[in-house]
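See below for the structure under consideration.
Just so it is clear, none of the values below were taken in a lab; they were calculated from the coordinates. What you see is a predicted model, and the numbers here were worked out from it, not measured in a lab. All Cβ positions, even for glycine, are placed from backbone atoms using ideal geometry, and neighbour counts span all protein chains on display.
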Amino acid sequence: MLLVDGDPDRAAAVREGLEASGCEVVGLLADLFDLVARVRACGADVLVCALDDPSRDAIEAMALLNRNEPRPVVLFAQSGGEAQIEAALEAGVAAYVIEGLAPARVRPVMEVAIRRFRAHEALKRELSETRATLAERKIIERAKGHLMRGRRLTEAEAHATLRRMAMDRGQRLVEAARGLLPNDAPTQREI
Amino acid sequence: MDLSSPALLTASLSIGYVPLTDAAVLVVAEDLGFFARHGLRVALSPAASWAGLRDRVAYGALDAAHMLYPMPIAAALGLVGPAMPLTVAAGLGRNGNTIVLSTALAQEMGDAPMPLAALRFAEVARGRNLRLAVVHPVSSHNYLLRHWLESGVLDPDRDVTMSVLPPPAMPAALASGAIDGFCVGEPWGSAAVLAGAGRAVVASGDIWPDHPEKVFVFRASAAAAEPQAAIAATAAIIAAARWLDEPANHPQAAAILARHAFPSLDLAAITPGLGGWVPEPDGGTRRLSHPLSFREALPPHMAHAAFWLSCMRRGGHLPAQIDQAQALAPWNNDLFLRAASALGEPLHAPTPLPTESAA
């Protein structure tokens, strides 16, 4: 099996899952340029590919031009029901098989890949949410500091002022805080 | 239907595109509020590959998308990817691709003025198995490049090695020496020239003048379920193409494209393609005889689709037996005709097909 994924963390997670379920992963590919040569050289039966990977058009070109080369299977629907296709799409995984391989043998591979893709995405989302919360808290603190200095308020007064502004404008606290800060103040980037 | 009363309609559509200058109609329609003015809420998203875009349309994650003109044929026949009926709503552009060769190779060709003669290219290229890249197998890029090579008496399957790379990867691939040349839609050709990687030698409009290039398509079931929304979206596309037809709007269009589609590119790479120019390595620009244009490309024409179908057959992309009516079914032009008549948009005549030698 050959894994094609431009996201190295996710690829590593998917590889580990596939190997734990008894698949042999013969290669991992993130490089666009020697894709065709590597696919030919590696002797894989199945290619598992990220749905949005830029290499997909190259893999399809191989499939279209030479029947002995990888053929898309899951998203090409001769195997797997609608539910599995949707699960694959949602998780962001596409698969290609060498012609002649029974679709039934691809299904367990896909199931592992789908689970791994999903778990990885959930992890990424959680991380970015945590980061966002942290960043928002910093903005609010900075706006309070701004109010305390500018209007000579205590921290509690500054907090109350900010809350009132947010309520009056129907904004979230962080939006009101952002409105108070000068435009050149570092906001989101600085984490 | 009365398109002047958009308040009557509120619908949401998800639309996808590949970051190319000929997605301008979609990007501008969203940014300048043409979709909103026609009562639509649109979520517009870029995709990294044509295959990914098509699959998202097939399985309902997108309702409509920017596509290469021959792609709905491949989808109708299930050649690669899921077999699915699509409905072509409008053309999104004509011309707009360039063949760019590495700086060294262009020098060997004698830095001749555009368009480089295919016979001259063949003199230098014969016996060297040069590596040329296109963006997708089922694309005008592939078929027009193959035709150009054949007109120089080169066999595209034997005398060169053709490969597929995504458009944004082309400039780096050329600069690194991984390929010797490519055919790609703007702004990626201009970006490669400005990066010092190569020189544009032929425009796709030199091979087939004013060739149809991209289409705006709906998943047939999505258009059938919400015909009013599909017509309204098509009307917004027509409005955006009219706006892009004004050269005075191009600087703003370039800025909009830069913001949404090409965050990594300089405006200098985006502007030339919109105006029908291509940058030269010496810092000058060259005017293309058949520039990218939007408005004349709007009406979908089944004759154009039939021509691309014949190219697919010549390229060996079709099985022996196909149902031609099924292959061309996406070009039922009902959506376009209804939107065009509501806006009083004239039906521009189809571009003549290439002469016998090209077919």
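Rounded to the nearest 0.05, the FRET efficiency derived from the C-beta distance between A:Glu24 and B:His348 at R0 = 41 Å is 0.15. Compute the signed sum of charges (Lys and Arg +1, Asp and Glu -1) over the other residues within less than 13 Å, Cβ to Cβ, of A:Met165. My count for the surroundings of A:Met165 gives +4.
If R0 is 25 Å, the Cβ-Cβ spacing of B:Ile322 and A:Glu86 corresponds to a FRET efficiency of close to 0.30. Comparing B:Ser341, B:Ser45, B:Ser163 in a Gaussian network model of chain B, where Cα atoms under 10 Å apart are tied by springs, the biggest mean-square fluctuation is seen for B:Ser341.
Amide H contacts under 5 Å for A:Leu29: A:Leu3, A:Val4, A:Asp5, restricted to partners 5 or more places along the chain or on a different chain, H placed in the peptide plane at 1.01 Å from N. Compared with the alpha-carbon gap, the fully stretched path from B:Thr161 to B:Glu280 is longer by 40.2 nm at 0.36 nm per residue.
In sequence order, region A:37-44 has phi-based couplings of 5, 5, 4, 5, 7, 7, x, 6 Hz under the Karplus curve 6.51 cos²θ - 1.76 cosθ + 1.60, θ = phi - 60°, and Gly or Pro positions carry x.
Stokes-Einstein diffusion coefficient for region B:202-359 at 4 °C in a medium of 1.567 mPa s, Rh from the Kirkwood formula over Cα pairs: what value in µm²/s? Calculated translational D: 72 µm²/s. Summing charges over neighbours of B:Leu20, with a neighbour being any other residue whose Cβ is under 14 Å away from its Cβ, gives -2 when K and R count +1 and D and E count -1.
The stretch between B:Arg37 and B:Leu267 holds 80.0 nm of extra length on full extension. This uses 0.36 nm per residue minus the Cα-Cα distance. Expressed as a fraction of 2.2 N^0.38 Å, the C-alpha radius of gyration for chain B is 0.95.
Among B:33-40, B:215-222, A:135-142, what's the highest-first ranking by average C-beta atoms within 10 angstrom per residue?
Top to bottom by mean Cβ count within 10 Å: B:215-222, B:33-40, A:135-142.
With only alpha-carbon pairs counted, each pair once and no self-pairs, how large is the Kirkwood hydrodynamic radius of region B:96-209 in angstroms? Averaging 1/r across every pair of different Cα atoms and inverting gives 13.5 Å. Residues B:Cys311, A:Cys49, A:Cys23, A:Cys42, arranged from fewest to most other Cβ atoms within 10 angstrom of their Cβ, appear as A:Cys42, A:Cys23, B:Cys311, A:Cys49. The distance between label points at A:Met148 and B:Ser12 comes to 4.2 nm (points 7 Å beyond Cα on the Cα→Cβ vector). Other residues with beta-carbon under 11 Å from the beta-carbon of B:Ala117 carry, at +1 per Lys or Arg and -1 per Asp or Glu, a net charge of -1. Residue-normalised convex hull volume from the C-alpha trace of region B:231-290: 96 Å³ per residue. Listed from fewest to most Cβ neighbours within 10 Å, the set B:His304, B:His66, B:His147 follows the order B:His147, B:His304, B:His66.
Among complete DSSP H helices in chain B, those whose alpha-carbon atoms stretch at least 20 Å along the helix's long axis and whose mean Kyte-Doolittle hydropathy reaches -0.5 are B:227-244. Between region A:117-186 and region B:205-265, the alpha-carbon centres lie 39 Å apart. Shown for A:Leu65, A:Leu47, A:Leu147, A:Leu35: other C-beta atoms within 10 Å of each C-beta, ranked fewest to most, produce the order A:Leu65, A:Leu147, A:Leu35, A:Leu47. A Förster radius of 56 Å, combined with the Cβ-Cβ distance separating A:Ala122 from B:Asn249, puts the computed FRET efficiency at roughly 0.80.
When Rg and the Kirkwood Rh are both derived from Cα coordinates, the Rg/Rh ratio for the protein assembly as shown amounts to 1.00.
Across region A:126-180, how large is the tail of the calculated P(r) beyond 16 Å, expressed as a percent of all Cα pairs? Within region A:126-180, distances greater than 16 Å cover 41 percent of Cα pairs. Over the residues of chain B, the helix contribution to mean residue ellipticity at 222 nm works out to -11000 deg cm²/dmol, using -39500 (n - 2.57) for each DSSP H run of at least 4.
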